[in-house]
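**Q** Mind having a look at this structure? Questions to follow.
The values are calculated or read from the model by the stated rules, or taken from the named source; none is laboratory data. Everything quoted here is computed from the prediction, not taken from an experiment. All Cβ positions, glycine included, derive from the backbone under ideal geometry; neighbour counts span all protein chains shown. These area figures cover heavy atoms from the full protein model, side chains too; ligands, DNA and RNA do not enter into them. Shrake-Rupley method; radii C 1.70, N 1.55, O 1.52, S 1.80 Å.
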Amino acid sequence: MDKFVVRGGNPLLGTIKISGAKNSALPCMAAAILTEGEIVLENIPQVRDIETERRLLTSMGAEVELGYGRAHHRTRIKCGILSDPVAKYEIVKTMRASSLVLGPLIARTGIARVAMPGGCAIGGRPIDLHIKGLEAMGATITQDHGYLEARSPNNGQGRLQGAHIVFDKITVTGTEDLLMAATLAEGETVFENCAREPEVSDLAELLNAMGAKIEGAGTSTIRVKGVAKLHGARHRINPDRIEAGTFLIAGAITGGDLNVTDCNPAHLGALIAKLEQCGVKLDVGKENIRVRSGGALKAAGISTEEYPGFPTDMQAQFMALATQADGATTVTENIFENRFMHVQELNRMGANITVQGRTATVRGRTALESAAVMCSDLRASASLVLAALVADGETILDRVYHLDRGYEHFEEKLRNVGAQIRRMGDVFTKK
Ligand code: UD1
């Protein structure tokens, strides 16, 4: 199992280029199921979850070419015949986002069999809202041996039916899954209380390029006029706002001077505001953000919310920064239960963090020291690397496969701006 060895103490200086968003790329790849035409996606990040999604699609009979030609970040997908519309447990267990194939599969083939998802161990993470929505569109869903089987009306022969769906709770992949299903439904579907994340808008842009009729993506009400068929399209994936945010914190925590380029600052409003409250200096351009030390960091509390609020996917990284701020920072996690697994590892490095229910209190500033620590999920791993960048001595991070699920060439990007970080063990091979 790969490990990172990080020696702290260097301010990060230079430029880091942001990759495409994993969380946009995954639903966009799943959208290819909706058509027999060819989907070409640009700016696909080379991360483990994308490779998992490729395996998932090919196991169903799709042709997927990842990173062909000179453009390593381009993917071409053709779902001509889907001979086996099953998302198998062996593949699904490592990636919760596999549930994103449920909606497109049933819409295209009338029948979908999808293993109940795995992925990051942050809370129960049910998919009841996906199921409820599909049932409202006329699907019949049964469960056996850890699999969900969904059939469109008339025992898989008919089309899904337009419906009025009000989400009980805001769900990102739930919105995306049902949005894809609705594109091929008969009649109009109106969704209320939708996720407004940029990844939903990115997917809707691709679907409209494929011939779908979607209005309102990016707002809480989305209307979809179902069409009988979709066609091939080409689409460029948005920059990864969470990767950009992680590197902004890397610049801030090390007191460096980093230019984070090829990102979309408009998607980072909540984080930018918080970093400024902490006293971090930011120069925000159209597609880049320069981050510089503004002297001592000040405590500023966060509370995670759905977009455009402070993202839960930045909570762990922000907590690493809070250990270096003067004063007490409260961090409230409202989206997922059990998303404080990085706390005990940060404390082992010398942080002073206590947790009560959904709120953690970070008392800073504490000097961090190196330790052997364990990565528990994708963003927690990033948080531990950030802490290690300012820790005294050499920190060894175990189980970095969590990090490989979602950050492209993470250690290379950090090394290029002066971090002392190396990988030990079987190097993740890019395919
Ligand atoms: C997506 C992101 C993930 C991010 C999360 C919240 C992808 C691939 N992943 O995950 O990185 O942390 O949004 O921004 O895009 N819920 C239910 N029933 C459901 C679905 C969700 O109760 O059917 C609950 C969840 O348990 C959670 C909340 O809704 O408490 C939000 O989850 P959701 O937005 O669905 O997260 P994901 O889409 O899985």
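**Q** For labels at Val227 and Gln277 in the simple 7 Å Cα→Cβ model, what's the distance in nm?
**A** Result: 4.3 nm between the two label points.
**Q** Another one. Using only Cα atoms, tell me the angle between helix 22-31 and the longest principal axis of the chain; keep it within 0 to 90° and round to the nearest 10.
**A** So the helix axis and the longest Cα principal axis differ by about 10 degrees.
**Q** Next question, about the same structure. Label points 7 Å out from Cα along the Cβ direction at Glu63 and Lys3: separation in nm?
**A** For Glu63 paired with Lys3, the spin-label model returns 4.5 nm.
**Q** Please give the FRET efficiency for Lys286 paired with Thr330, using the beta carbon to beta carbon distance and R0 = 25 Å, rounded to the nearest 0.05. Write down the numbers at each step before the final one.
**A** Values: r = 33 Å, r/R0 = 1.34.
Once rounded, the FRET efficiency stands at 0.15.
**Q** Okay, moving on. To check my understanding: the extent here is largest minus smallest coordinate of the Cα atoms along each principal axis. What are those three numbers for the chain, in Å, largest first?
**A** Principal axes ranked by extent give 64, 44, 43 Å for the Cα atoms.
**Q** Output the relative contact order of the chain, whole-number percent, from Cα pairs under 8 angstrom with separation of 6+ residues.
**A** On the way: 1086 pairs, mean separation 90.9, N = 431.
About 21 percent, as a whole number.
**Q** So what's the angle, to the nearest 10 degrees on a 0 to 90 scale, between helix 48-59 and the longest Cα principal axis of the chain?
**A** The angle comes out at about 20 degrees.
**Q** Follow-up question, since we're still on this one. About its Cα centre, how strong a charge dipole does segment 22-236 have in debye, to the nearest 20, once Lys and Arg get +1 and Asp and Glu get -1 at the Cβ? Before the final figure, lay out the partial values.
**A** Details: 25 positive and 25 negative charges, 67 e Å.
Charge dipole of segment 22-236: 320 debye, to the nearest 20.
**Q** Among the lysines, which fall within straight-line cross-link reach of Lys298, defined as a Cα-Cα distance under 23 Å, with same-chain neighbours fewer than 8 residues apart omitted?
**A** Lys274, Lys281
**Q** For an R0 of 35 angstrom, estimate the FRET efficiency from the Cβ-Cβ distance between Thr15 and Thr359 and round to the nearest 0.05. Mind showing how you got there, number by number?
**A** Details: r = 36 Å, r/R0 = 1.04.
About 0.45, to the nearest 0.05.
**Q** Given R₀ = 51 Å, FRET efficiency for Glu369-Asn193 by Cβ-Cβ distance, to 0.05? Walk me through the numbers on the way to the answer.
**A** Values: r = 45 Å, r/R0 = 0.89.
Efficiency, rounded to the nearest 0.05: 0.65.
**Q** Under 1.5 on a/c is rounded, so check that first for segment 302-367, then, if it is not, pick prolate when a/b is larger than b/c and oblate when it is not; a ≥ b ≥ c are the square roots of the alpha carbon gyration tensor eigenvalues. The partial results should precede the final answer.
**A** Working: a/c = 1.98, a/b = 1.56, b/c = 1.27.
Prolate is the answer for segment 302-367, as a/c is 1.5 or above and a/b outweighs b/c.
**Q** Give me the percent of the accessible area of the chain that comes from carbon and sulfur atoms, probe 1.4 Å, all protein chains in place. Intermediate results must be reported in sequence, preceding the final value.
**A** Details: 7620 of 16370 Å².
Carbon plus sulfur share of accessible area: 47 percent.
**Q** Under 11 Å from a label point 7 Å along Cα→Cβ of Val166: give me every residue in segment 174-215 with its amide N that close.
**A** From segment 174-215, the list is 192-193.
**Q** Once you sort the root eigenvalues of the Cα gyration tensor of segment 22-236 as a ≥ b ≥ c, which label holds: rounded (a/c under 1.5), prolate (a/b larger than b/c) or oblate (the other case)? Intermediate values should be presented prior to the final figure.
**A** On the way: a/c = 1.30, a/b = 1.17, b/c = 1.11.
Rounded shape, in that the Cα axes give a/c under 1.5.
**Q** Give me the distance between the Cα centres of segment 168-190 and segment 7-57, rounded to whole Å.
**A** Comparing the Cα centres of segment 168-190 and segment 7-57, I get a distance of 22 Å.
**Q** What nm distance separates the two modelled labels at Lys298 and Glu90, each placed 7 Å from Cα along Cα→Cβ?
**A** So the two model labels end up 5.7 nm from each other.
**Q** Can you tell me what share of the DSSP beta bridges in the chain is antiparallel? A percent to the nearest 5 is fine.
**A** Values: 55 of 80 bridges.
Roughly 70 percent of the beta bridges in the chain run antiparallel, per DSSP.
**Q** Report the extension gain between Thr219 and Asp392 in nm, rounded to one decimal, defined as 0.36 nm multiplied by the number of residues separating them, less their alpha carbon distance. Numbers along the way, then the final one.
**A** Working: separation 173, 0.36 × 173 = 62.28 nm, distance 4.55 nm.
My answer for the length gained is 57.7 nm.
**Q** Can you tell me which lysines have their Cα less than 23 Å from the Cα of Lys93? Leave out same-chain residues fewer than eight positions away.
**A** Once the sequence-local lysines are set aside, what remains near Lys93 is Lys3, Lys22, Lys132, Lys430, Lys431.
**Q** Write down the percent of antiparallel bridges among all DSSP beta bridges whose residues are both part of segment 22-236, to the nearest 5.
**A** Numbers: 25 of 36 bridges.
Around 70 percent of the beta bridges assigned by DSSP in segment 22-236 are antiparallel ones.
**Q** May I pose another question? How much length is gained on full extension from Glu42 to Ala266, taking 0.36 nm per residue of separation minus their Cα-Cα distance? If you can, show how the numbers build up before the last one.
**A** Working: separation 224, 0.36 × 224 = 80.64 nm, distance 2.05 nm.
Stretched fully, the Glu42-Ala266 segment lengthens by 78.6 nm.
**Q** Right, next: Sum -39500 (n - 2.57) across every DSSP H segment of at least 4 residues in the chain, then divide by the residue count to get the 222 nm mean residue ellipticity, nearest 500. Working shown, then result.
**A** On the way: 14 runs with 129 residues, N = 431.
Only helices count here, giving -8500 deg cm²/dmol.
**Q** Here's something else I'd like to know. At 0.36 nm per residue, and after removing the present C-alpha to C-alpha distance, how many nm does the segment from Asp257 to Met424 gain when stretched out fully?
**A** On the way: separation 167, 0.36 × 167 = 60.12 nm, distance 2.79 nm.
Additional length available on full extension: 57.3 nm.
**Q** Relative to the longest principal axis of the chain, what angle (0 to 90°, nearest 10) does the C-alpha long axis of helix 172-183 take?
**A** 20 degrees
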